[in-house]
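Step one of this worksheet: look at the structure below.
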Amino acid sequence: MNKATFLQRAAAWLIDQVILSIIYSLAAVAIGVVIGAYADSGIPVPNLIVAPSVIVFSIAPAFGHFLYFGYLWSRREQSIGMGVMNIRVVNPDGHSLSFLMAGLRGSLGYFLSSLIFGLGYLWFFVDKEQKTWHDKIFNTVVLKQ
C-alpha cells in the first residue's frame with residue numbers, strides 16, 4: 001500500500017473546502033434573494049419561521065459535508081479534491097466505505113480533527129501509520145492511486 005503524503009491530503013482537503021464554500025455561498029445568495037423578495041412584498045415574516053430557518057442554516061454545512069463526502073467516498077473512493085491529487089480513501093482491507101461511514105468521516109471526523117488547533121490533522125506526523133484522528137476513528141487509510 002502506497003500511502004498519500006500529508007501535502008497531497010492537505011491539498012485535496014483544501015480543494016474540497018473551496019468547492020463546498022462556493023456551494024454554500026451560492027445557496028446563501030439564493031436564500032437571500034428569496035428573503036429579500038419576500039421582505040419587499042410587505043408580508044410580515046412570522047417568528048415561527050425565522051427561528052427554525054436560522055437553526056437549519058447553521059447546521060446546513062455539516063449536513064452538506066455529510067452528503068458530499070458520503071456520496072463521493074462511498075461511490076468513487078475519492079472526493080473531487082482527492083481525484084485531482086490522485087488519492088483515495090478506503091478501509092484497511094481496500095474496500096469502499098459505506099455511505100454512513102464516509103459521511104460521518106467527512107463531517108464529524110473532520111470536525112473532531114480540527115479541534116485543538118487542528119491537532120487531529122497534525123497527528124499524521126506523530127502516528128507510525130501516518131493516520132489522522134478521522135482515519136483512526138473511522139478505520140480508514142488514504143492511498144495514492
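Six or more apart or on different chains, Cβ atoms under 7 Å: show the pairs whose first residue is in segment 65-79 and under 17 Å from Lys144 (Cα atoms) and without any contact (Cβ under 8 Å) to a residue 24 or more places away in the chain and whose second is surrounded by fewer than 21 Cβ atoms within 10 Å (Cβ to Cβ) and among the polar types (S, T, N, Q).
Cβ pairs passing all conditions: Glu77/Ser96.
Being free of Cβ contacts under 8 Å to residues at least 12 places away in the same chain and more than 30 Å from Val141 (Cα to Cα) is the filter here, so list the residues in segment 48-64 that pass it.
Leu48, Ile49, Val50, Ala51, Pro52, Ser53, Val54, Ile55, Val56, Ser58
I need the full set of residues from segment 42-70 which are hydroxyl-bearing (Ser, Thr, Tyr) and at pLDDT 80 or above, in order please.
Across segment 42-70, the qualifying residues are Ser58, Tyr68.
Pick from segment 85-116 the residues that are closer than 21 Å to Phe6 by Cβ and aromatic (Phe, Trp, Tyr): which of them is nearest to the chain's Cα centre (by Cα)?
Among those residues, the one meeting the criterion is Tyr110.
From the set of residues in segment 71-125 that are touching a helix residue (DSSP H, G or I) at 6+ places or on another chain (Cβ under 7 Å) and outside any helix (DSSP H, G or I), which is surrounded by the fewest Cβ atoms within 10 Å (Cβ to Cβ)?
Only one residue fits best here, namely Ser98.
Can you name the number of the only condition in (1) of a type in the set (Val, Ile, Thr); (2) open to solvent by less than 50 Å² (accessible area, probe 1.4 Å); (3) assigned to a loop (DSSP other than H, G, I, E, B) that Ile43 fails?
Failing condition for Ile43: (2).
The values are calculated or read from the model by the stated rules, or taken from the named source; none is laboratory data. What you see is a predicted model, and the numbers here were worked out from it, not measured in a lab. A quick note on method: Cβ atoms are made from the backbone with ideal geometry, for glycine too, and the neighbour counts reach across all protein chains shown. Just so you know, the surface numbers come from the protein's heavy atoms only, side chains and all, with ligands and any DNA or RNA stripped out. Shrake-Rupley method; radii C 1.70, N 1.55, O 1.52, S 1.80 Å.
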